[in-house]
Structures are given as C-alpha cells and as structure tokens.
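Novice: This is the structure I have questions about; it appears just below.
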Amino acid sequence: MFGKIGYPSTMTNRRRFLIGSTAVAAIPFLASPAAASPGGSVIAYVGSRTTKTFNSTGRGITVWRVSRGGWEQIQLVTADDGDPSTPTPPDAIPINPTFLAFAPSGRFLYSVHGNATKVSSFAIAPDTGLLTWLNTVDTGNSNPVHVAVDPTGRWVVVAHLNTAGSVVSLPIHADGSLGEVAGVLNPPGTPGPHKSAQLGPNPHHAPFDLTGRWVVVCDRGLDRVFVARLDPTTGQLTLNDPGWATSREIDGPRHIAFNPQLPYAYVANELRSTVTAYRWDAAKGVLSPHRTVSATAPDMVTNSRVGEIEVAPSGRFVYVSNRSGTGDDTPSGPAPDTIGVFRVDPRTGDLSPVEWVSTQGLRPRHFALAPDGRLLYAENEVTNTIVEFAVDQSSGRLRLTGAVIDTGSPTCVVFRRT
C-alpha cells in the first residue's frame, strides 16, 4: 500500500558541493564521512517537515549517497502533505517524518511523524542503503517528536510533545516492523509558569543513556529530566528512584547529550536558551545538576530557543544550536542562527564558551556530527539547506567547507555506512 518510492537518477547538489571540494583540500583536519573503506560508502537519511502549518517545503525522507564529489539523492520516500485540498498519493507515508533512528543492527530505520500520531518502520538494503517501507503504527498520542531504539533492537521508545505528553514503547518484530504500544509513561509533576509552552507534560527527548540501561526523558513542560527503566520483556516504562532531576522554572529541558568519555551529561534548555551540566551516575541512574551557562553569545539580545545538543566523540567539546524567534511557528531572523561551541573541563565537566558560528541560515532545529566527529552538518529548516562545517579536533572550532546541500525543510539527518 505504501510501496511506491521514487529513485531519481540525477538529483544532486554537485555544483554547490564542488565549490566546497576546493575548501576540503585546503583544510588538513577535515575528514569526509564518506572516507570509508574502499568497499563501502556513506548514506545520509534526511527527514523533513512536509505540511503547510510551518510553511514547509519538504517531501518526505530523502536518501543521499555522500562522497567528496557531493551529496547525490538516490531515493525519495514520499510523504502525505497534510493538505486535504490536494490528492494524497496512495503510497504516501504519514506527514512530517521529523526524527529518525537506526536499529543497532543497521538493518532498519524508524521515523516519527510530527503533528500526527504515527511511527513508521523501514528495512534498509545492506548494499545500497535504499529503504523499503514495512509498516506504520499509531502511537496513541499526538505529535511524536523523538524516537529511540533500545540496545537490544527489541523496542522503540517515542516521546510526544503536547499538553498531555507521554513516552511510549512499541515492540520491534523479527522483520523490523513495529507492534502496538506496550508501555506508557505519563510524566508526573506541575507545569512550569510559561503561559504557552508549559501547559502540561511536554516530553521532547527520550534517548537511552550510553549504557543502554536507562531511558532519560527531557520534559519541557514540567521543568524536569526523568530517568526511567524499560522492562526488556514487557516494554513497561517505570521511573527510577529518584525519578527525576528538577531544573529551574521556565528552563524547559529539551534535549540531553551524554559525554562518551566522562561521567557527565548536558541538557539544552529550550525556553531559557541555556545548557546545564549534570553529573551522571550510570550505575544508579541519577542526574545531579551543577552548572548552567548561556547557549547564546553575550550580544544576543533578541528571542532565541535552543534546538539540538551533541558531545564530540572525544568528550572534549559540546555543540548546541540556537534558533531565533520564540517557537517553531514564529518568524526567524533576520540574522542567521548559530551553533555554540563549548569546551569541557575534564575535572568538573563544566562548560566554557569557545565561539558561536553562523549556520548560514535559519532555524537549525537539528544538527549532526559525522560519526568520527570531524564534520558537522547544520540543518536550516526555514531556509532549506544543510550546511557542512569542518571540526578542528584540537580547538573544537567550526569552519565552513563551502558545501551546501539544498533540501526542503530538513529537521533530522543520520548517517550509515553500506
């Protein structure tokens, strides 16, 4: 029923990327994510918003072959545009495939559909990286914004951002398809005082920690970061004891990133545009906040909200995206948005600013580091570009390579080697 998927023969941003190729040769610390073994290549999967609600121009999930010569689009998984006045392709996946996650085996891809109530599963061809739709399942709640896969590859966990947000688990079948909702976690607490963004529980991010033992939930509405367990047999989600760390009111915890080298985690607080450093006791599942810094530059005096946060593979640097405006449906700009770069103190885990770098566009809801940490890709949702930066491994600083990929309303990108 959703079988038709497009395979364009030559949809490429080669001209703009070739401009960046000259810069690539001149930057000694740059290593392309496509610099894999001679027998493999890197495939990028980009999710995008597709509805008119946010003036979106995305068309679904696009699949790209990445090389030093450019990003070549090799597949489009079409999406329903959500507009009742236009025909819906009979093979369209639900709207807004806005966040993507791989199974640990690399054989399957999962996508939530923002502003809908669905999550979809896809099989990945091992040799080409192309997608085949498997199934789409109702999550039982609206506006799923994040999906994570447990380390065993048996469960997905989905977070819902709305005035009665929840976190749910769904089983993964042997063929990679999804079953019905098995576990539901309704975060407890009193909403924060923000009059429009904190009307109830707002889970925005529910990843597993690096040990795979804990599900850590950033709740924007309750000003709390929850820690929960996933029962590997039943899929039930239960809060740890203690079940959460409380942040300042109107912090609005959005996303968390764990340091792969040190016992610290970092939470991007959307509503205050700050980052809080936490000590992370992985044995007990306990977060302890100890310092908060501004995510934006000192001369940033207009409204801004953070988007994504990541820690470099070395554990030495933290990156956070800053979006101008006061929400996804408000005007951005006029100045380009930024990625903040922070240095990690190896003794305390505290952050100190290194620089703020323009993303060359508007509303970087998400960005992604290449697996080796040598490239960073900022996705400018409003200005429809993915901009490539080289990452200096000694300073953490970002430098434009000149590579720009044009694609409609990008909100998530993940990489996989064939």
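Novice: Among the residues of segment 360-374, which ones are within 16 Å of the chain's Cα centre (by Cα) and either on the phi < 0 side of the Ramachandran plot or among the hydroxyl-bearing types (S, T, Y) (or both)?
Specialist: Across segment 360-374, the qualifying residues are P364, R365, H366, F367, A368, L369, A370, P371.
Novice: Let me ask something additional. For segment 39-62, give me each residue that is part of a strand (DSSP E or B) and over 30 Å from G325 (Cα atoms).
Specialist: Passing the criteria: V42, I43.
Novice: Residue by residue through segment 197-220, note down the ones that are touching a residue at least 40 places away in the same chain (Cβ under 8 Å), surrounded by fewer than 21 Cβ atoms within 10 Å (Cβ to Cβ) and either among the hydrophobic types (A, V, I, L, M, F, W, C) or within 17 Å of N269 (Cα to Cα) (or both).
Specialist: Result: A197, F208, L210.
Novice: Additional query: Say whether the condition of being modelled with pLDDT under 95, assigned to a loop (DSSP other than H, G, I, E, B), closer than 22 Å to F317 by Cα and among the charged types (D, E, K, R) is met by at least one residue in segment 396-412.
Specialist: For segment 396-412, residues modelled with pLDDT under 95, assigned to a loop (DSSP other than H, G, I, E, B), closer than 22 Å to F317 by Cα and among the charged types (D, E, K, R): absent.
Novice: Check segment 250-262 and report whether any residue there is farther than 20 Å from A295 by Cα and without any contact (Cβ under 8 Å) to a residue 24 or more places away in the chain.
Specialist: Looking through segment 250-262, none of the residues is farther than 20 Å from A295 by Cα and without any contact (Cβ under 8 Å) to a residue 24 or more places away in the chain.
Novice: In contact with a Ser or Thr (Cβ under 8 Å, 6 or more places away or on another chain), modelled with pLDDT of 95 or more, under 23 Å from P144 (Cα atoms) and of a type outside the set (A, V, I, L, M, F, W, C) - does that describe any residue in segment 257-269?
Specialist: For segment 257-269, residues in contact with a Ser or Thr (Cβ under 8 Å, 6 or more places away or on another chain), modelled with pLDDT of 95 or more, under 23 Å from P144 (Cα atoms) and of a type outside the set (A, V, I, L, M, F, W, C): present.
Novice: Could I ask something else about it? Conditions first: (1) more than 17 Å from A123 (Cα to Cα); (2) at pLDDT 70 or above. Q75 passes all but one, so which condition is the exception?
Specialist: Of everything listed in (1) more than 17 Å from A123 (Cα to Cα); (2) at pLDDT 70 or above, Q75 misses just condition (1).
Novice: Being of a type in the set (A, V, I, L, M, F, W, C), over 17 Å from V63 (Cβ atoms) and part of a strand (DSSP E or B) is the filter here; which residues of segment 364-395 pass it?
Specialist: F367, L369, L375, L376, A378, V387, F389, A390, V391
Novice: Something else: Quick one: would you say S142 is at pLDDT 95 or above, small (G, A, S) and not in a loop (DSSP other than H, G, I, E, B)?
Specialist: So S142 does not fit the description; no.
Novice: Quick check on segment 280-288. Is at least one of its residues polar (S, T, N, Q) and farther than 27 Å from K195 by Cβ?
Specialist: Yes: segment 280-288 contains one or more residues that are polar (S, T, N, Q) and farther than 27 Å from K195 by Cβ.
Yes/no per residue for (1) modelled with pLDDT under 95; (2) closer than 18 Å to F226 by Cα; (3) surrounded by fewer than 24 Cβ atoms within 10 Å (Cβ to Cβ); (4) among the aromatic types (F, W, Y):
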| residue | (1), (2), (3), (4) |
| --- | --- |
| T274 | no, no, yes, no |
| R279 | no, yes, yes, no |
| E310 | no, no, yes, no |
| P313 | no, no, yes, no |
| R323 | no, no, no, no |
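Novice: If you check A148, A123, A159, which single one turns out to be free of Cβ contacts under 8 Å to residues at least 60 places away in the same chain, surrounded by fewer than 24 Cβ atoms within 10 Å (Cβ to Cβ) and outside any loop (DSSP other than H, G, I, E, B)?
Specialist: None of the other options fit; the residue is A123.
Novice: Can you tell which of R363, R374, R343, R416 is surrounded by fewer than 23 Cβ atoms within 10 Å (Cβ to Cβ) and over 27 Å from G129 (Cα atoms)?
Specialist: R343
Novice: Output the residues belonging to segment 324-349 that are of a type in the set (G, A, S) and closer than 21 Å to S288 by Cβ.
Specialist: G349
Novice: Got a sec? Which of T136, T62, T78 is under 22 Å from E180 (Cα atoms) and of a type in the set (V, I, T)?
Specialist: Sole residue among the options that is under 22 Å from E180 (Cα atoms) and of a type in the set (V, I, T): T136.
Novice: Further question on the same structure: What's the total number of residues in segment 82-118 that are under 16 Å from the mean Cα position of the chain (by Cα), closer than 20 Å to G176 by Cα and of a type outside the set (G, A, S)?
Specialist: Here the count works out to 9.
Novice: Across segment 336-358, what is the total count of residues that are in a loop (DSSP other than H, G, I, E, B) and in contact (Cβ under 8 Å) with a residue 12 or more places away in the chain?
Specialist: Within segment 336-358, residues that are in a loop (DSSP other than H, G, I, E, B) and in contact (Cβ under 8 Å) with a residue 12 or more places away in the chain number 6.
Novice: Right, here's the next one. Considering only residues of segment 380-403 that are within 18 Å of the chain's Cα centre (by Cα) and acidic (D, E), which is surrounded by the fewest Cβ atoms within 10 Å (Cβ to Cβ)?
Specialist: So the residue we want is E388.
Novice: Additional query: Out of everything in segment 221-270 that is farther than 21 Å from V156 by Cβ and of a type in the set (D, E, K, R), what residue ends up being surrounded by the fewest Cβ atoms within 10 Å (Cβ to Cβ)?
Specialist: Per the criteria, the residue is D241.
Novice: Any residue in segment 221-241 that is in contact (Cβ under 8 Å) with a residue 12 or more places away in the chain sitting within a Cβ distance under 9 Å of a residue that is part of a strand (DSSP E or B) and of a type in the set (D, E)? List the pairs, counting only those 6 or more apart or interchain.
Specialist: Listed pairs, sorted by first residue: V225/D219; F226/D219.
Novice: Six or more apart or on different chains, Cβ under 6 Å: which pairs go from a residue in segment 181-195 that's touching a residue at least 24 places away in the same chain (Cβ under 8 Å) to one that's outside any loop (DSSP other than H, G, I, E, B) and basic (K, R)? Could you list them?
Specialist: That search, which allows pairs on different chains as well, returns G189/R224.
The values are calculated or read from the model by the stated rules, or taken from the named source; none is laboratory data. Treat the numbers as computed from the prediction; the structure is a model and nothing was measured. Neighbour counts run over all protein chains shown; Cβ positions are idealised from the backbone, glycine included.
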